[in-house]
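The values are calculated or read from the model by the stated rules, or taken from the named source; none is laboratory data. Predicted model only: the values in this text are computed from it and were never measured. Note: ideal-geometry Cβ built from the backbone for every residue, glycine included; neighbour counts use all protein chains shown.
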Amino acid sequence: MERNRLLKYIFIVLLVNFFLFVIKFVPTIFFNSLSVQSDSFNSLSDSFYSIIILVGSYFAFRPKDSSHPHGHERIRPFLSLIISGSIIFTGVIIVRGGIYNLIHGTRYQFSILFIYVLLISILVKYTLSIYLDRLNKVYKNDILSSLSDDSKVDALASFSAIVGVIISRLGYAIFDTIFGVLISFWIFKTGLSIGWRNFKYLTGSSPPQEVTEKIMSILKNREEVIEVIECEPHYVGPKLDVYCELEVASSLSLIEAHELEEEIKRELLALNEVNNVYIHLEPT
């Protein structure tokens, strides 16, 4: 997938998330609702996440150079940890406000604007998820897939907020606080998920089992490979470096061994998760 097209799609998601933050946050300036305010901050955290993906994708497409012989993708985990901390801090502020309301009494004020903006949020996010899902079916891109899934979750969060608003309007104002705190857990989940995933990227963690199995399947399906002596995939930034030591027949010529090595490299590099491959052939 070409760089400009992917960046355009990510930028659209960024604009949508920030637009939803603004239309949900502005009414809470004049009318107090923790659930709506929480949902607005959820959209703001999504905006931060979109910025991470946008910057990370921009650098990922930059060519390797003498100062960065392995590319520029490793900046993304570093930025992600910073944003993760800010998202978690936002969740803490919301929970603190919820605890204050529970102790001192809720200050909920209903406005019909809450219903309108939350309905817009649900409609926009659900439509965006369908749009991104269709794009992903065409381009087979993991970034588009993640953004589509995140949009579906956001639509559900907005639905939770509107339930809280309606119940509170019926005279049970405490539910505005309860649903506000519940939505803050979506924010915590986003922050912790981003933080943990990128912590593993920076510490050279091994990939999920299904990714390792895909790598091993490629190696074992080569009839020239007698045994996989060692296979060591690990994260170097958001992508994997894969080191393999393979036992092959000593009867292979130098040219045959070289061709085998190059073919295996091409197959492994075709995986979205893999960035570099190092292969050592051990004659039996």
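Tabulated results
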read-out: Of all residues making up region 10-24, the number that are of a type outside the set (A, V, I, L, M), surrounded by fewer than 20 Cβ atoms within 10 Å (Cβ to Cβ) and more than 16 Å from the chain's Cα centre (by Cα); value: 2
read-out: Enumeration of residues in region 195-235 that are in a helix (DSSP H, G or I) and under 30 Å from Ser86 (Cβ atoms); value: Gly195, Trp196, Arg197, Asn198, Phe199, Lys200, Tyr201, Leu202, Val211
read-out: Long-range neighbours under 8 Å by Cβ, at least six apart or interchain, first residue surrounded by 15 or more Cβ atoms within 10 Å (Cβ to Cβ) and at pLDDT 95 or above within region 218-241, second assigned to a strand (DSSP E or B) and among the basic types (Lys, Arg); value: none
read-out: So Ile255, is it in contact with a helix residue (DSSP H, G or I) (Cβ under 9 Å, 6 or more places away or on another chain) and β-branched (Val, Ile, Thr); value: no
read-out: Verdict on Ser129 being closer than 21 Å to Ile52 by Cα, modelled with pLDDT of 85 or more and either outside any helix (DSSP H, G or I) or in the same structural domain as Phe18 (by TED's automatic domain parsing) (or both); value: yes
read-out: Residue under evaluation Val163, criteria (1) surrounded by fewer than 17 Cβ atoms within 10 Å (Cβ to Cβ); (2) among the β-branched types (Val, Ile, Thr); (3) touching a residue at least 40 places away in the same chain (Cβ under 8 Å), criterion not met; value: (3)
read-out: Residues located in region 171-212, provided they are of a type in the set (Ser, Thr, Tyr) and either surrounded by fewer than 21 Cβ atoms within 10 Å (Cβ to Cβ) or under 16 Å from Val153 (Cα atoms) (or both); value: Tyr172, Ser184, Thr190, Ser193, Thr203, Ser205, Ser206, Thr212
read-out: Test: residue in region 99-122 that is assigned by TED's automatic domain parsing to the domain that holds Phe59, part of a helix (DSSP H, G or I), under 23 Å from the mean Cα position of the chain (by Cα) and at pLDDT 85 or above; value: yes
read-out: Pairs where the first residue, in region 31-56, is more than 12 Å from Ile10 (Cα to Cα) and the second is assigned to a helix (DSSP H, G or I) and of a type in the set (Lys, Arg), C-beta under 8 Å, 6+ apart; value: Val36/Lys24; Gln37/Lys24; Asp39/Lys24; Ser40/Lys24; Ser43/Lys24
read-out: Any hit, region 60-69, residues being modelled with pLDDT under 85 and touching a Lys or Arg at 6+ places or on another chain (Cβ under 6 Å); value: yes
